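Here the structure comes first, spelled out in structure tokens, and everything after it is commentary.
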Amino acid sequence: PDIARNTAHSVYRESLARSPWSVLFPTDADEVVIEWLSRFSPREASRLLAKAFGRASLAGRDHVVIKDFDPAVTSHRRIGFIH
């Protein structure tokens, strides 16, 4: 669990650095978001974050919350190739 959380932190920071929203969002995500992201592979978490940054921005927020992620994915727990 600790490695997955550290990876989620890294994926968040790297995704933010590559996005046009890097000046709008904090460099560290809320712990609830990190916990949720730690359930996914780094590639999937990065993809989900790109959309979540956009949804949060459209909602006028300067931070990502769970509801910014795709509702079809938020109920699934996936790690790597395990579904």
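The values are calculated or read from the model by the stated rules, or taken from the named source; none is laboratory data. As the structure is a computational prediction, the values presented were derived from the model and not from experiment. All Cβ positions, even for glycine, are placed from backbone atoms using ideal geometry, and neighbour counts span all protein chains on display. Only protein heavy atoms, including side chains, enter the accessible area calculation; ligands, DNA and RNA are left aside. Shrake-Rupley method; radii C 1.70, N 1.55, O 1.52, S 1.80 Å.
Tabulated results
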{"read-out": "Candidate set from region 1-26 (those that are in contact with a Ser or Thr (Cβ under 8 Å, 6 or more places away or on another chain) and of a type in the set (Gly, Ala, Ser)); member that is nearest to Phe53 (Cα to Cα)", "value": "Ser15"}
{"read-out": "Failed criterion for Val64 (all others in (1) outside any loop (DSSP other than H, G, I, E, B); (2) within 9 Å of the chain's Cα centre (by Cα) hold)", "value": "(1)"}
{"read-out": "Residues that are part of a helix (DSSP H, G or I) and free of Cβ contacts under 8 Å to residues at least 12 places away in the same chain, drawn from region 11-53", "value": "Ala17, Arg18, Glu31, Arg43, Arg47"}
{"read-out": "Residues (of a type in the set (A, V, I, L, M) and open to solvent by less than 60 Å² (accessible area, probe 1.4 Å)) located in region 1-39", "value": "Ala4, Ala8, Val11, Leu16, Ala29, Val33, Ile34, Leu37"}
